[in-house]
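The values are calculated or read from the model by the stated rules, or taken from the named source; none is laboratory data. Values in this document were obtained by computation on a predicted structure and should not be read as measured data. Counting neighbours? That spans all protein chains shown, and the Cβs are built from the backbone with ideal geometry, glycine included. These area figures cover heavy atoms from the full protein model, side chains too; ligands, DNA and RNA do not enter into them. Shrake-Rupley method; radii C 1.70, N 1.55, O 1.52, S 1.80 Å.
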Amino acid sequence: MVSRTKEKLAEAFKTVVCRKSFAKTTIADITKECGMTRENFYYHFRDKYDILNWVCQRQLVDHIPEKGSKKTMEEFIIFMVKKINADYKFYRTVIRDIGAEQVRKTILPYIKKLTYWLIDETLDDTVWKMREEKENFAVEFFSDAFITFLTDYMLENEKMDEKMMIMNFQFLFTQFF
């Protein structure tokens with residue numbers, strides 16, 4: 001029941017943000033959109049930043065595979081691009097309103113987790129001497145590059161070319177990992 005209520009609030013939040021902007025969205029807007037009370041909202045979330053974090057966690061971060069997962073890199077790339085594309089206007093609005101640097105700070109730890117998973121899944125341990133040092137460098141570099149590219153792309157483009165994005169990410173990860 002709690003999860004269903006949170007989902008309903010999150011859907012209302014995304015709808016209102018797309019209509020008004022993140023900056024102009026109020027708790028009253030969100031609760032009115034889904035027919036709930038402010039008390040109900042505050043029972044589940046502290047503020048609109050908390051619900052934003054929950055939406056990102058639930059839609060993207062919770063799906064980052066764990067080490068040893070049976071999910072392939074290609075499957076995850078396709079999933080991630082499709083998930084972002086499904087709520088593209090919402091994410092684009094949020095990036096525009098809170099700024100690419102704040103988005104970067106918020107999601108960098110999750111992207112690093114994803115990049116470590118990609119490296120662990122694709123590199124043979126015998127490939128590098130001093131593997132940990134090079135792995136850490138690669139994670140920092142590719143995580144930062146990924147966030148910068150994605151936020152810049154979303155700010156500059158009204159829509160995501162899903163096929164092109166999947167093809168380019170698959171190329172990138174198969175060539176570099």
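Which one, Ile27, Thr151, Ile77, projects farthest toward the positive side of the charge dipole computed for the chain from Cβ point charges (K/R +1, D/E -1)?
Result: Ile27, furthest along the dipole toward the positive end.
Note down the relative contact order for region 1-76 as a percent, whole number, built from C-alpha pairs under 8 angstrom at least six residues apart. The partial results should precede the final answer.
Values: 33 pairs, mean separation 18.5, N = 76.
Once divided by the residue count of region 1-76, the mean separation gives 24 percent.
Give the angle, between 0 and 90 degrees and rounded to the nearest 10, that separates the Cα long axis of helix 2-20 from the longest principal axis of the Cα atoms of the chain.
Once rounded, one gets 90 degrees.
In the chain, what percent of the accessible surface is made up of carbon and sulfur (1.4 Å probe, ligands and nucleic acids excluded)?
54 percent
Treating the beta-carbon of each Lys and Arg as +1 and of each Asp and Glu as -1, no other charges, what is the dipole magnitude of region 19-101 about its Cα centre, to the nearest 20 debye?
220 debye
With angles folded into 0 to 90 degrees, how steeply does helix 73-86 sit against the dominant principal axis of the chain? Use alpha carbons for both and round to 10.
Approximately 30 degrees, to the nearest 10.
Excluding ligands, DNA and RNA, what is the solvent-accessible area per residue of the chain at a probe of 1.4 Å, expressed in Å²?
On the way: 10350 Å² over 177 residues.
Per residue, the chain has 58 Å² of solvent-accessible surface.
Which value in deg cm²/dmol, rounded to the nearest 500, describes the helix-derived mean residue ellipticity at 222 nm for the chain, given -39,500 (n - 2.57) per DSSP H run of n ≥ 4 and division by the residue count? Write down the numbers at each step before the final one.
Working: 9 runs with 135 residues, N = 177.
It comes out at -25000 deg cm²/dmol, rounded to the nearest 500.
Give me the percent relative contact order of the chain, please, defined on Cα pairs under 8 angstrom at least 6 residues apart.
Result for the chain is 25 percent.
About the Cα centre of the chain, what is the dipole size in debye to 20, counting +1 per Lys and Arg Cβ and -1 per Asp and Glu Cβ, all else neutral?
Numbers: 29 positive and 28 negative charges, 162 e Å.
Around 780 debye, computed over the chain.
Nearest 10 degrees is fine. How inclined is helix 100-122 to the longest principal axis of the chain, computing both from alpha carbons?
40 degrees
Among the listed pairs Lys14/Lys70; Lys14/Lys159; Lys14/Lys48; Lys82/Lys159; Lys6/Lys48; Lys89/Lys163, which are separated by more than 21 Å between their Cα atoms?
Where the Cα-Cα span goes over 21 Å, the pairs concerned are Lys14/Lys70.
Among (i) 203; (ii) 137; (iii) 120, only one was calculated for this model; which label is it, if the read-out is volume of the Cα convex hull per residue in Å³?
So the structure-derived entry is (iii).
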